[in-house]
1. Mind checking which residues of the range 193-213 are at pLDDT 95 or above and touching a helix residue (DSSP H, G or I) at 6+ places or on another chain (Cβ under 7 Å)?
2. What tally of residues in the range 110-126 results from selecting those that are surrounded by fewer than 15 Cβ atoms within 10 Å (Cβ to Cβ) and at pLDDT 95 or above?
3. Being surrounded by fewer than 16 Cβ atoms within 10 Å (Cβ to Cβ), at pLDDT 95 or above and either assigned to a strand (DSSP E or B) or in the same structural domain as residue 477 (by TED's automatic domain parsing) (or both) narrows it down to one residue among 614, 621; which is it?
4. Are there any pairs, at least 6 apart or on different chains, whose C-beta atoms fall under 8 Å, with the first in the range 245-262 and in the same structural domain as residue 45 (by TED's automatic domain parsing) and at pLDDT 95 or above and the second surrounded by fewer than 17 Cβ atoms within 10 Å (Cβ to Cβ) and in a loop (DSSP other than H, G, I, E, B), and if so, which?
5. Only one of these conditions is not met by residue 299: (1) touching a residue at least 60 places away in the same chain (Cβ under 8 Å); (2) closer than 16 Å to residue 248 by Cβ; (3) in contact with a strand residue (DSSP E or B) (Cβ under 6 Å, 6 or more places away or on another chain). Which number is it?
6. Just to check your reading of the model, which residue among 586, 592 is surrounded by 21 or more Cβ atoms within 10 Å (Cβ to Cβ), assigned by TED's automatic domain parsing to the domain that holds residue 447, closer than 30 Å to residue 496 by Cβ and touching a residue at least 60 places away in the same chain (Cβ under 8 Å)?
7. Being closer than 30 Å to residue 509 by Cβ and either surrounded by 20 or more Cβ atoms within 10 Å (Cβ to Cβ) or in the same structural domain as residue 319 (by TED's automatic domain parsing) (or both): is that true of residue 575 here?
8. Kindly indicate which of 550, 609, 619, 573 is free of Cβ contacts under 8 Å to residues at least 24 places away in the same chain and in contact with a strand residue (DSSP E or B) (Cβ under 7 Å, 6 or more places away or on another chain).
């Protein structure tokens with residue numbers, strides 16, 4: 001539970017009172033109560049209002065806002081406002097503004113436009129966080145802390161170059177070790193002094209993959225240090241209050257696994273596109289939930305209607321906001337929050353949706369939908385709060401592996417790690433098989449099946465973790481283009497797939513990247529649900545059996561007859577290799593065959609388009625049904641349930657209208 005003060009799913013969003021006159025604040029309190037808002041993030045972007053000059057702090061306006069919120073029964077996730085520094089700071093201190101990848105220092109403006117290694121940024125951001133924590137530690141509205149906002153921008157300035165050199169000295173100890181790890185003998189790039197290392201701007205070194213990987217790691221740690229700087233300051237005054245910052249799903253620049261230990265609760269901002277597959281949205285929720293071993297997370301931002309940053313910012317159709325909100329809850333969210341409460345009058349986000357539109361009143365479609373959902377969440381109370389998912393399947397996701405694949409020069413520009421992960425996940429999602437998304441070094445002992453798509457980079461300990469999982473009796477499925485390089489992006493010298501070669505029982509000799517739109521037929525003899533003809537795309541691994549047996553074979557090109565899917569017995573378990581990016585039907589037939597063999601099944605059978613999830617709490621399971629389809633769906637219930645929204649008992653064939661949600665507890 002995030003806070004004992006508010007024992008329900010929190011409901012609200014970003015509130016920016018400093019953008020409005022005080023006359024509007026009282027009206028906002030009325031509208032919040034009307035919409036059943038009980039939690040707001042405030043003040044997310046107010047650094048200049050809180051510190052108008054270097055030597056002046058102004059908190060009196062925030063005092064009044066928080067007191068009004070307390071009187072209205074609204075709690076606060078108190079923000080430190082440090083994502084956008086004041087103009088006086090950018091002008092006063094040359095070290096504050098970041099330098100972009102072109103090597104040009106940015107001028108003032110935008111957000112996260114600071115160098116993470118700037119001494120002055122770190123000093124003033126910590127000082128503001130400390131003053132806020134000291135002043136509001138005992139305020140009755142305080143339920144959580146929200147540091148900065150959507151961290152992400154890298155910097156390439158000389159301060160970062162020096163800090164990078166120091167980071168490398170600690171990591172490698174000597175230039176000889178660094179030269180070996182970066183394979184600097186290639187193209188005669190051997191370093192003879194630490195000062196020869198610069199930041200990898202576009203006009204500098206962009207061809208050395210180990211170098212670029214280390215800079216990504218370094219920048220992740222540098223930005224994280226800014227967050228931890230504020231975190232430590234706040235903890236001195238409110239050690240029991242949870243602290244977070246809003247993440248952004250599979251956001252490439254930052255390795256969120258490195259961040260997770262320092263976020264007391266994971267929070268993130270979900271903005272799916274209007275035509276995005278619901279399985280992809282579910283995958284990202286699972287990725288965020290998996291950052292802290294399945295702990296419930298905070299949905300800190302979503303839009304109630306539309307965004308402003310897409311080429312075409314379509315409205316959410318009636319019912320879609322409710323459906324997506326409950327989908328987040330179904331996958332572990334203990335809060336449903338929006339950006340933002342009142343739509344801004346100006347600036348780049350003036351066309352971004354909000355609870356209160358420019359009309360300024362409650363008589364809008366969006367407000368009515370928000371109000372109705374708020375009433376339902378009040379009705380639910382704490383029935384779902386702190387509920388956990390119980391999964392028998394895990395899918396491995398690795399940020400550094402993603403970086404390495406995308407940085408690789410060849411063999412194909414079509415290799416897409418995110419798409420591959422989502423394709424495997426979708427096969428389970430469509431069958432309503434729960435899946436945890438976990439890090440490669442996670443404890444796998446509670447799972448029966450583990451899937452590792454496109455595990456190009458094998459960092460230390462990962463192969464051993466997977467091999468031990470199989471030896472204990474688990475089923476491992478490894479995707480194509482795996483076991484190619486080590487953590488420095490240096491190719492294995494023992495044959496692909498490297499350290500996974502023994503457990504998989506294969507040797508991959510070559511990779512054949514396919515041309516755009518090209519496919520290679522794959523055939524399978526009957527094995528469970530796997531039978532008949534399928535298609536491989538993107539790239540085909542050409543492999544030899546070393547103890548494994550074939551389950552499917554290429555049926556075209558010069559490698560027709562070579563295995564395309566293999567299975568190898570190892571200890572008490574087995575390991576399978578899928579040698580190409582396969583069509584969705586093959587992935588479904590293969591993975592559901594393995595589920596059948598492990599007796600892994602959904603908690604309820606449901607027609608296509610109906611998502612079924614469960615959250616368990618203190619031995620009580622709550623089942624959620626979400627109809628993502630455009631037609632009415634009928635779900636045959638296996639027992640009598642109580643509908644937690646209506647309070648009515650339900651049994652037999654349950655009808656769900658399009659976008660409808662039912663939340664059931666077995667009687």
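1. Result: 194, 197, 198, 199, 200, 209, 210, 212, 213.
2. Taking the range 110-126 and keeping what is surrounded by fewer than 15 Cβ atoms within 10 Å (Cβ to Cβ), we get 110, 119, 123.
Remaining after also requiring at pLDDT 95 or above: 119, 123.
Going through the range 110-126 one residue at a time, the tally reaches 2.
3. On the way: 614 fails: surrounded by fewer than 16 Cβ atoms within 10 Å (Cβ to Cβ).
On inspection, the qualifying residue turns out to be 621.
4. 248/152; 251/152; 253/152; 254/152
5. (1)
6. Values: 592 fails: surrounded by 21 or more Cβ atoms within 10 Å (Cβ to Cβ).
None of the other options fit; the residue is 586.
7. Working: closer than 30 Å to residue 509 by Cβ: yes; either surrounded by 20 or more Cβ atoms within 10 Å (Cβ to Cβ) or in the same structural domain as residue 319 (by TED's automatic domain parsing) (or both): yes.
For residue 575, the condition - closer than 30 Å to residue 509 by Cβ and either surrounded by 20 or more Cβ atoms within 10 Å (Cβ to Cβ) or in the same structural domain as residue 319 (by TED's automatic domain parsing) (or both) - is met.
8. On the way: 609 fails: free of Cβ contacts under 8 Å to residues at least 24 places away in the same chain; 619 fails: in contact with a strand residue (DSSP E or B) (Cβ under 7 Å, 6 or more places away or on another chain); 573 fails: free of Cβ contacts under 8 Å to residues at least 24 places away in the same chain.
Every option except 550 fails the conditions.
The values are calculated or read from the model by the stated rules, or taken from the named source; none is laboratory data. Being a predicted model, the structure only gives us computed values, none of them experimental. Counting neighbours? That spans all protein chains shown, and the Cβs are built from the backbone with ideal geometry, glycine included.
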